[in-house]
Amino acid sequence: MNIKHNGGSNHGLNFLIGTSKFLSAAALLMLAVLALSGPSAILAKAEGTQKANGNQSQVKLEKRTPTYWRVTINNPPFNIFGPETIPQFEKVISAIESDDNVKVVVFDSAVPDFFLTHYNFTPPLAESTGLASGPTGLHPLPDMLVRLSKSPVVSISLIRGRATGVGSELALASDMRFASREKAILSQWEVGAALVPGGGPMARLPRLMGRGRALEVLLGSNDVDGDLAEKYGYVNRSLPDDELDKFVDALATRISGFDRQAIADTKRLVDFASLPSDPEIGAGWDAFITSVQRPAAQANIKKLMEMGLQTNPDIEGRLGYYTETLQEK
C-alpha cells in the first residue's frame, strides 16, 4: 500500500479548490488571492512532512489470524488523511470485501495522541479532482465508509488520541467504537471553520445519540472526551487506557471464532434498522463541496494554516479551541 505522494503546491488551500470541479471563476480567483497571501514558510514545512511520508505506507494491514485482521494508521506526526491515503484505504476495503475468511477488522493507530484526523489541505489539485467515484457512485472517501458499514465483516475502531473529522467519520462508519478514557478525543470540527462535514456524520450521529446531542456535537464543533462520548453514545464504551487494547483484542478474538454466516446475517439485519441510505451520505458530501466554495470557509482555512494547522502540535491537539478563535467578535 505504498502510494507515492507528489508535492508541488505552494499554498495550503489547494484542497479547497480541488474538492469541486464546478467552482466559478470568481471563486477560483478569490482562492488564488487568499493562497498567495499566506506565509510560505509554514506551508513549505507542511509539504516537507507530506513528502517525507509520501513514500511510506500510511495504512498497515496485519492478518493476526485468517479471521481477525488489524488495520493500523501510521502517518506521523498527526495522522492526517489525504488523497494519497485514499488508494491505500481502498486496498484495505477491497481486501475485506473479497476475503472469504475474515470476520473481524480492528482499526487503530501507531501515532501517539492521534487516531486519525482531518483531510490534508496541502496537496495539488489533481490529487483530489482526479479520483474516480467508487463502486457506490459516491466520492471515494464516503464510498469507502459506506462499503465498510455494509460489509459482512465486523469493524471495530480502537480510539486512542484524536479522532477528528475523517477520524470521527471512520469511527462512526465502524460497527463498534471503543475509546481510551484518558486519551481519546472525538470531534467534528468543521462547522467551526464554516465548513460542512463531508463523511456522513449528519446521517450517522442522530441514529446513535439522538437529534439534540448530534446537533450539539456537530454545531458546537468542540472536543468530546472518552467519558462524554460513552455517555452520548458516540462510542460503545470508554475504558481505562491500560485496559483498552486487552478488551478490544478479546472481543475481536471472541467474535472471530463464531460462524461467519451467522455474523453476516445478523449484521445485515441490524443494518436494515440502523444504517443511513447512500443518498443521505452523498448529500453530506455535496454540502461539503458547496461549503468549501464560500468565502468564510476559504478565509478560515487560510487563518488556521497561518496559525499552524498541519504543522503545529498545539493547533492539531486543540483544534476545537482554535476554531473558536476564528469567530468574529
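Here are a few things to note about the model shown:
- Only protein heavy atoms count here; on that basis, with a 1.4 Å probe, Glu190 has an accessible area of about 20 Å².
- Each label point was placed 7 Å from the Cα along the Cα-to-Cβ direction; for Lys91 and Arg237 their separation is 3.4 nm.
- Potential lengthening of the chain between Arg268 and Lys63 amounts to 71.4 nm, from the contour at 0.36 nm per residue minus the alpha-carbon distance.
- The listed residues Ser109, Ser180, Ser98, once ranked by accessible area (1.4 Å probe) with the largest placed first, stand as Ser98, Ser109, Ser180.
- Less than 5 angstrom separates the built amide H of Gly82 from those of Asn120, all sequence-distant by 5 or more or on a different chain.
- Length added when fully stretched, Ala250-Glu328, from 0.36 nm per residue minus Cα-Cα: 23.2 nm
- For segment 253-329, the carbon plus sulfur part of the accessible surface works out to 56%, probe radius 1.4 Å.
- Applying both filters, DSSP loop and at most 15 other Cβ atoms within 10 Å, to the chymotrypsin sites (Phe, Trp or Tyr not before Pro) of segment 215-268 gives Phe258.
- Solvent-accessible area per residue in segment 201-301 equals 51 Å², computed with a 1.4 angstrom probe and all protein chains kept.
- Accessible surface of segment 148-192 [probe 1.4 Å, protein heavy atoms]: carbon and sulfur percent: 56
- Summed over the residues of segment 56-153 and divided among them, the accessible surface reaches 34 Å² per residue at a probe radius of 1.4 Å.
- For segment 69-81, 3J(HN,Hα) per residue [Karplus equation, 6.51 cos²θ - 1.76 cosθ + 1.60, θ = phi - 60°, Hz, x = Gly/Pro]: 10, 10, 10, 10, 8, 9, 10, x, x, 10, 6, 6, 9
The values are calculated or read from the model by the stated rules, or taken from the named source; none is laboratory data. From a predicted model like this one, the values you see are computed outputs, not experimental measurements. We place every Cβ from the backbone using ideal geometry, glycine too, and count neighbours over all the protein chains shown. Note: accessible area is taken over every heavy atom of the protein model, side chains too, but ligands, DNA and RNA are not part of it. Shrake-Rupley method; radii C 1.70, N 1.55, O 1.52, S 1.80 Å.
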